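Before any comments, here is the structure.
Read the figures in this text as sums done on the coordinates, not as results from a lab. What you see is a predicted model; the values in this text were computed from it and never measured.
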Amino acid sequence: MNMTITKTIKMAAFGVVLTVVTLTSCHKSPYPGYDANDNGVYSKFYTHNTGTMPKDSDLVRLVMSYKNSKDSVLFDSKGKNNPSGKEYIEFPLMKSTFRGSFEDALGMMSEGDSASFMISADSVYLKTFKAEKLPPYIMAGSMLTFEAKLIKVTGKEEVKAEKKKKMEERNAMLEKRKGEEQAELSKYIADNKITTKPTASGLIYIEKTKGKGPKPKKGDNVKVKYTGMLLDGKVFDTSDKDVAKKANIFDEKRPYEPIDFPLGTGQVIAGWDEGIMLMSAGAKGQLVIPSALGYGEQGGGPIPPYSTLVFEVELVSFSEGKAAQEPAMPTRK
């Protein structure tokens, strides 16, 4: 073989090896087992693939936890402090808030990768979380240890298309629910032989026990016992402990007692503000509240969009509100 050609091949091969070594080598790290990278991240990869890597605004799904310098776990996606209730978290990858951030770390990962990262605690809390000061469980100048496994990367265009699809599906569902509400209400009225006419707003108040004395006015402070149900009878909220237990919605963290609020000030749904004004102290009755006077197209918690609600209510008592007690300011001439 020509010696010149042989020498050229050897030099080229050495160049490739040198390039690979240069690309894969890392700076000396002060943290044993971790590599110091050019982007300021200290990393230790358990699994390193060559798949899809996330870019700014891509949606990342990962199993993640992090702990402080005293090994106290501050967050674990598999734990109770994950608000989604799932074992992973999902969020769009944002621009890095500082050199060596967790966003920089994620940018080094591919789908299926798992790794550990050492990230500046000061920078995470003061720059990424925008805290005014470090919390007591974070030592100034310390590092957080992040453990992460990147499950999936979804491109921002795909995310946009998926959002559009979900919005279209939701709008179709809302239109369907909107059309069904009146039919469901009419059936409820017929099945329960309700003859009481609705008010101009659509509220139906069915008096069961007559109260005594005057009726409360806007601004008065009222005290009300209640049980709220959907038209199918499912209880979603109540001030009665026994009812809550029977409906399997009992929450030991909340009190079960009459609710106090100033009437007509928007602190409760419109159907309540209107309905309680029709009652005297001691009165018991039923409020049939269409969604326009309730939670509307949004719904809330166990209440689906466009749901007519039924409340069994008792006006325990009321007192004149502060606004009603104070004389009106004279009109300036």
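Above 22 angstrom, tally the Cα pairs of region 90-185 and express them as a % of all pairs, no decimals. Summing the P(r) of region 90-185 above 22 Å gives 53 percent of all pairs.
In the chain, helical runs assigned H by DSSP with n ≥ 4 each contribute -39500 (n - 2.57); averaged across all residues and rounded to the nearest 500, the mean residue ellipticity at 222 nm is -7500 deg cm²/dmol. Using C-alpha pairs below 8 Å separated by at least 6 residues, the relative contact order for region 175-323 is 33 percent. When the alpha carbon coordinates of the chain are projected onto the principal axes, the ranges are 112, 56, 45 Å, largest first. Kirkwood's formula applied to the C-alpha pairs of region 184-333 gives a hydrodynamic radius of 16.4 angstrom.
Using only alpha carbon pairs under 8 Å that are at least six residues apart, calculate the relative contact order of region 39-151 and give it in whole percent. Can you show the working numbers first?
Values: 243 pairs, mean separation 42.6, N = 113.
The normalised contact order for region 39-151 reaches 38 percent.
Rounded to a whole number of µm²/s, how large is the Stokes-Einstein D of region 177-250 at 37 °C and 0.692 mPa s, given Rh as the Kirkwood radius over C-alpha pairs?
On the way: Rh = 15.3 Å.
Once the numbers are plugged in, D ends up at 215 µm²/s.
Scalar couplings 3J(HN,Hα) for region 148-163, obtained by applying the Karplus form with A = 6.51, B = -1.76, C = 1.60 to θ = phi - 60°, are 9, 10, 7, 8, 8, 10, 10, x, 4, 5, 5, 4, 4, 5, 5, 4 Hz; x denotes Gly and Pro. Cα centroid distance between region 161-188 and region 87-149, in Å? Distance between centres, Cα-based: 40 Å.
Against the empirical curve 2.2 N^0.38 Å, the C-alpha radius of gyration of region 28-154 lands at a ratio of 1.01.
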